[in-house]
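Colleague: I'd like to ask you about the structure that follows.
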Amino acid sequence: MKLAVKSFRVLDGDTLETQGLRLRLAGVDAPEKDQLTRGGPSAGRLASDCLKDILARGGEWELEWRGRDIYGRVLGDLWNQEGRLTTQLLEAGCMGVYPFLSSFPLKTRSEWRGAMNRAQRARRGVWYWGGYRRPYWWRKTQKARRTPV
């Protein structure tokens with residue numbers, strides 16, 4: 001299902017609200033809000049700011065709906081005249097490819113990995129600062145550090 005969308009509120013680097021829907025960008029994984037890059041600055045803030053910048057210059061966007069996640073968010077992607085939002089974010093160095101992409105066509109997975117690799121080689125976005133730890137592993141270390149009450 002496709003839906004034209006115009007206004008956005010960015011919640012974090014890979015989640016936004018539009019027209020009453022909470023959208024989780026499928027296939028990508030942005031750093032968590034409190035997560036730092038290996039070089040120091042906030043990877044989460046860099047990812048959120050990058051998403052805001054790309055949405056602001058995007059013009060007309062169309063939502064491609066892929067389903068819902070376990071939290072009830074819409075899973076999908078946005079498209080404009082420049083192509084997929086996720087590809088644009090990866091190319092800009094805003095985030096990484098989600099490591100478990102089996103539900104996506106091989107062509108899409110290759111496109112995303114290529115975009116991320118180009119951003120890493122060019123040291124764009126979070127890669128300028130040495131990258132960041134995969135959010136899944138970062139969350140695990142944060143849980144392990146919490147002291148039980």
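Colleague: Can you tell which of 26, 47, 30, 43 is in contact with a Ser or Thr (Cβ under 7 Å, 6 or more places away or on another chain) and on the phi < 0 side of the Ramachandran plot?
Modeller: Result of the check over 26, 47, 30, 43: 43.
Colleague: List the residue pairs whose Cβ atoms are under 6 Å apart, where the first residue sits in the stretch 13-35 and is touching a residue at least 24 places away in the same chain (Cβ under 8 Å) and of a type in the set (Val, Ile, Thr), the second is surrounded by fewer than 22 Cβ atoms within 10 Å (Cβ to Cβ) and part of a loop (DSSP other than H, G, I, E, B), and the two are 6 or more positions apart or on different chains.
Modeller: Close Cβ pairs (under 6 Å, with a partner that is surrounded by fewer than 22 Cβ atoms within 10 Å (Cβ to Cβ) and part of a loop (DSSP other than H, G, I, E, B)) amount to 18/8; 28/98.
Colleague: Now for a separate question. Among the residues that make up the stretch 91-102, is at least one of them surrounded by fewer than 22 Cβ atoms within 10 Å (Cβ to Cβ), in contact (Cβ under 8 Å) with a residue 12 or more places away in the chain and farther than 23 Å from residue 46 by Cα?
Modeller: Yes, the stretch 91-102 has at least one match.
Colleague: Next question. In the stretch 1-42, what residues are of a type in the set (S, T, N, Q), farther than 19 Å from residue 65 by Cα and part of a loop (DSSP other than H, G, I, E, B)? Working first, answer last.
Modeller: The first filter runs over the stretch 1-42 and keeps only residues of a type in the set (S, T, N, Q), leaving 7, 15, 18-19, 35, 37, 42.
The next check asks that each one be farther than 19 Å from residue 65 by Cα; those that pass are 35, 37, 42.
Within the stretch 1-42, 35, 37 qualify.
Colleague: Test each condition in (1) open to solvent by less than 80 Å² (accessible area, probe 1.4 Å); (2) farther than 18 Å from residue 138 by Cβ; (3) not acidic (Asp, Glu) for residue 47 and report the one that comes out false.
Modeller: (2)
Colleague: Output the number of residues of the stretch 48-87 satisfying the condition of being touching a Gly at 6+ places or on another chain (Cβ under 7 Å) and among the aromatic types (Phe, Trp, Tyr).
Modeller: Initially, the stretch 48-87 is screened for residues touching a Gly at 6+ places or on another chain (Cβ under 7 Å), giving 48, 50-51, 63-66, 75, 80-81, 86.
Still in the list and also among the aromatic types (Phe, Trp, Tyr): 65.
Final tally of qualifying residues: 1.
Colleague: So which residues in the stretch 11-44 are more than 14 Å from residue 126 (Cβ to Cβ) and either open to solvent by 30 Å² or more (accessible area, probe 1.4 Å) or not hydrophobic (A, V, I, L, M, F, W, C) (or both)?
Modeller: Listed by number, the residues that qualify are 11, 15, 17, 18, 19, 20, 21, 22, 24, 27, 34.
Colleague: Turning to a different aspect of this structure: I'm told residue 77 meets every condition in (1) open to solvent by 100 Å² or more (accessible area, probe 1.4 Å); (2) touching a strand residue (DSSP E or B) at 6+ places or on another chain (Cβ under 7 Å); (3) modelled with pLDDT of 90 or more; (4) charged (D, E, K, R) except one. Can you identify the failing condition by its number?
Modeller: So the condition that residue 77 fails would be (1).
The values are calculated or read from the model by the stated rules, or taken from the named source; none is laboratory data. In this text the structure is predicted, and so the values were computed from the model without any measurement. All Cβ positions, glycine included, derive from the backbone under ideal geometry; neighbour counts span all protein chains shown. Note: accessible area is taken over every heavy atom of the protein model, side chains too, but ligands, DNA and RNA are not part of it. Shrake-Rupley method; radii C 1.70, N 1.55, O 1.52, S 1.80 Å.
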